[in-house]
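Here is the structure we will look at.
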Amino acid sequence: MSATRPAAETTRRDVPLLAIEGLGVVAEATGAPILTDVSLEVAPGEIVGLVGESGSGKSMTSFATMGILPRGVRQTAGRFTVDGEDVTDVRDRSVSSRFAMIFQNPRDSLNPLMRVGDQIARIAALHQGMSRAQARAEAVSMLERVHIPDGERAARAYPHQLSGGMCQRVMIAMALACRPRLLIADEPTTALDVTVQARILDLVVELTEETGCGVLLVTHDLGVVAETCDRLNVLYRGDLVESGPVDRVLAAPRHEYTRYLLESANELEDTDGAA
């Protein structure tokens, strides 16, 4: 397995777009650690993978970054900076238009009682200060930007009238309406079939290159990482055990857990190929 996406052309700066330093998160009821001393960076125009099996702390890292940790979970350590600005004490970092997130299950994240165009328009009005008419036009534009044909018609649809892949494109359109500097994609293709997965990942790469935003891609799939990411971070039981350029990590992993993930992925590929 080897990386297929060209390295990001954007030159990394001394001050990264996002820096997470020493993040610690615990379960309040038991004090059990969920994340321990997690540190990583994302540069503009760069897609950074965060990989690990279920329960490794991937989603908790993304929630902590957005400032939306669930009840019963508490951040005990860590610092967040965006473009060098310390935003650690901002309670809900998603309030800033610099942050946007794509969640795992798009249908659960969309309001079933609102037309998707109205949902995107609300985001555009909030983050860009647009009038109702401007926000409506922006919603149609965003839908077309994520390659949904006939944006006017799609804007009038309710979530249940769209496929899973279309709903995920709507979620990406909503994220783009924030004009984010940082996009966090938390398992964005988990509930989609293989063909739709590829289209969504291609779209994420395209938009990253087009807008110059940085992306933190949370996934359990090393194949996805190989195809889309510039750098890779590996989480194991809440600890960041390996980091580096995708080519290096996949070709010469230094931690036994990374080697285990690669072996498991290769075995799965071999099984699928023999089927």
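Every number here is computed from the coordinates shown, using simple stated rules; none is lab data. What you are looking at is a predicted structure, and each value in this text was computed from that prediction instead of being measured. Glycine gets a Cβ as well: all are built from the backbone with ideal geometry, and neighbour counts include every protein chain shown.
Helix-only arithmetic for the chain: the sum of -39500 (n - 2.57) across DSSP H runs with n ≥ 4, divided by the residue total, places the mean residue ellipticity at 222 nm at -12000 deg cm²/dmol. Assuming a ≥ b ≥ c are the square roots of the Cα gyration tensor eigenvalues, decide whether region 183-224 counts as rounded (a/c under 1.5), prolate (otherwise, with a/b larger than b/c) or oblate. Oblate, since a/c reaches 1.5 and b/c is not below a/b. Basic side chains Lys and Arg get +1 at the Cβ, acidic Asp and Glu get -1 at the Cβ, and with that the dipole of region 85-204 about its Cα centre reaches some 400 debye.
Place a point 7 Å from the Cα of GLU206 along the Cα-to-Cβ direction; which residues of region 218-238 have their backbone N under 18 Å from it? From region 218-238, the list is 227-229.
In a GNM of the chain with a 10 Å cut-off on Cα contacts, which of ALA29, ALA154, ALA265 has the highest mean-square fluctuation? Most flexible of the set in this elastic network: ALA29. I need the shape label for region 56-152. Rule: rounded when a/c is under 1.5, else prolate if a/b > b/c, else oblate, with a, b, c from the alpha carbon gyration tensor. It comes out prolate by the Cα gyration axes. Sorting 202-215, 172-185 by their mean Cβ neighbour count within 10 Å, with the most densely packed peptide first, gives 172-185, 202-215. Highest GNM mean-square fluctuation among GLY84, GLY72, GLY22, for the chain modelled with Cα contacts below 10 Å: GLY72.
ASP37 to ARG259: FRET efficiency via 1/(1 + (r/R0)^6), r the Cβ-Cβ distance, R0 25 Å, to the nearest 0.05? That pair, ASP37 with ARG259, gives E of 0.70. Computed from Cα positions, the angle between helix 194-211 and the longest principal axis of the chain comes to roughly 80 degrees. In terms of its alpha-carbon gyration tensor, region 162-238 comes out oblate; a/c meets the 1.5 threshold, while b/c is at least as large as a/b. With a 10 Å cut-off between alpha carbons and a GNM built on the chain, which of SER59, SER141, SER163 moves the most? Highest fluctuation of the listed residues: SER163.
With the simple model of a label 7 Å out from the Cα in the direction of the Cβ, ILE68 to ASP86 spans 2.6 nm. For region 137-184, the Cβ-based charge dipole about the Cα centre amounts to some 160 debye (Lys, Arg positive; Asp, Glu negative; other atoms uncharged). Axis angle, to the nearest 10 degrees, between helix 256-274 and the longest C-alpha principal axis of the chain: 70 degrees. Starting from the Cα of GLN104, move 7 Å in the Cα-to-Cβ direction to define the label point; list residues of region 188-223 whose amide nitrogen is under 11 Å from there. What the label zone holds, given the 11 Å backbone N cut-off, is 188-191, 219-220. Summarising the overall dimensions of the chain from its C-alpha atoms, the Rg and Dmax are 18.6, 57 angstrom.
When you count the other C-beta atoms within 10 angstrom of each residue and take the mean per peptide, 48-54, 30-36 line up highest first as 48-54, 30-36.
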